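Every number here is computed from the coordinates shown, using simple stated rules; none is lab data. Quantities reported herein were computed from a predicted structural model and do not represent experimental measurements. Cβ placement follows ideal geometry from the backbone for every residue including glycine, while neighbour counts extend to all protein chains displayed.
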Amino acid sequence: MRSKLRSAPRSPRLRPKVIILGAGISGLALAARIAPRCDVTVLEAGGAAGGLARTIRHKGFHLDLGPHPLYSTEASREDVIAGLRRALGRDLAEIERTSAVWFNGRLFKYPLKMRDILSKLSSAELAGYGLSFVGARLGYTLGRRGRGDFASWVKARYGGKVYRLYFEEYTEKSWGVSPPLLSAAFAAERVPETNLLDVVTEAVTGRRRASAADHPHNPQKARSFFPRLGVGMIPDLLQREMKARGGRVLFGRKAVGLKMLRNNAAGVAVRHHHGRREVIPCDFLASTIPLPELASFLVPAGEAARLRQALPYSGLAFVFLFLKKERVLRHKWVYFPEKGIPFNRLSEIKNASAACAPPGRTSLCVEFACSPQEGGRSSDGSYVRTAVRELRRLGFISASDVCGSLVVREPNAYGLWLRGFPEHYQRVQDRLGEVANLASFGRQGDFQYFNLDHCLLRAGEIAGRIAGFFRLEGERS
């Protein structure tokens, strides 16, 4: 939440009680920073810390929920990574970012390089895609910017053929929603702008102009870092630091409501995993739970239901296959945009750190997109059989390679920016802004697609705002 927080003077002898909802990396990072000056309690509905950034230990394997490198693209992120490197030492190493896209049985380096594409397309294909792109760019120059949805935004900038080649199928596969139903704001956030000069320059020289590389999600600008035993080493570190500074995490506590006193959150209504309920008092509430869930504590039931429809989440099912092989992929992860392949992405954590698998073994993480409702319909066995069948068909593995499997589901992995998103989002922010001592942040709390380093930065921002709210001094990092 980005509304301005009003200050509240406190006695220097009292530590303000701060409750943080969610023990993911955002919540733990905030707790570690403010614990010396505040009485911090983190409430986690589940039984483990880390959220999407946790590492699962299973029979000698370390398993991440998809690839989670740290990116260093600017000074503020450099500072975050420098702090982690001081704490983790050699356990946080710089790695090469290698990824690819699978098209028509062929691997293309990702981010897509024009020379690579040109070398693998026929003359007829090149002519069709080229004319479509040139026509779109000329129309864009003349003011045709598309309507307010994802599909129109991309077509206006890349052309219909390029849209159908890559964006249409992969977007629907990744998010579980037809692209015309997604907001143009989502396209502007996730898809880099380009122009004819960028394309020609890259095709001739093999290098991208600076203007094409300035998009915040362009990984070419970034240095990448990865913990030796998986990304879960970072939330584990933050939890240790928070506890050493006097904070605590309570697992199996799900927030179900707020106790309000005028325009302040005075406490959080909590349901324990065994059913008991209680209200835990607070002076400040910081939330990383899904944004519509938090808003539902403050609005009538009918409006809460409408918010959940307007601001839904896409879920993911992670299928881990344990293999009797040293390696499978040349890349750390591979995207699969084609609709005929049921999963979105394939990653091999051992390519980021050899310590994440036993000698002579490796693991693959196969990601399937699903809505929160669909996530419970398919059985674990169905997901595993589909993953093995498709990977065999594509030539990545044989049936005899597989020596085990594990399925993990995350129902609220990504916020979906549907058409009309900016208006709905602002309405929620306005309502939350009426509560003086409340902040919502993190990937789910901000309803933003944040990388790991951005989550850590946002936690620092909220820590500074809490310090200002209580007029605290010496807030530690």
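Fewest to most neighbouring Cβ within 10 Å: what's the order for ILE19, ILE341? Please report the intermediate quantities before stating the final value.
On the way: ILE19 24, ILE341 16.
Neighbour counts put them in this order, fewest first: ILE341, ILE19.
Would you mind checking LYS17/LYS254; LYS254/LYS332; LYS173/LYS254; LYS161/LYS325 for any pair whose Cα atoms are more than 28 angstrom apart?
Distance filter (> 28 Å) returns LYS254/LYS332; LYS173/LYS254; LYS161/LYS325.
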Inset, instruction - Taking just the C-alpha trace of region 282-347, give me its Rg and Dmax in Å. - result: 19.7, 55
Legend entry - q = 0.10 Å⁻¹, region 312-415: log10 I(q)/I(0) [Debye, one scatterer per Cα]: -0.27
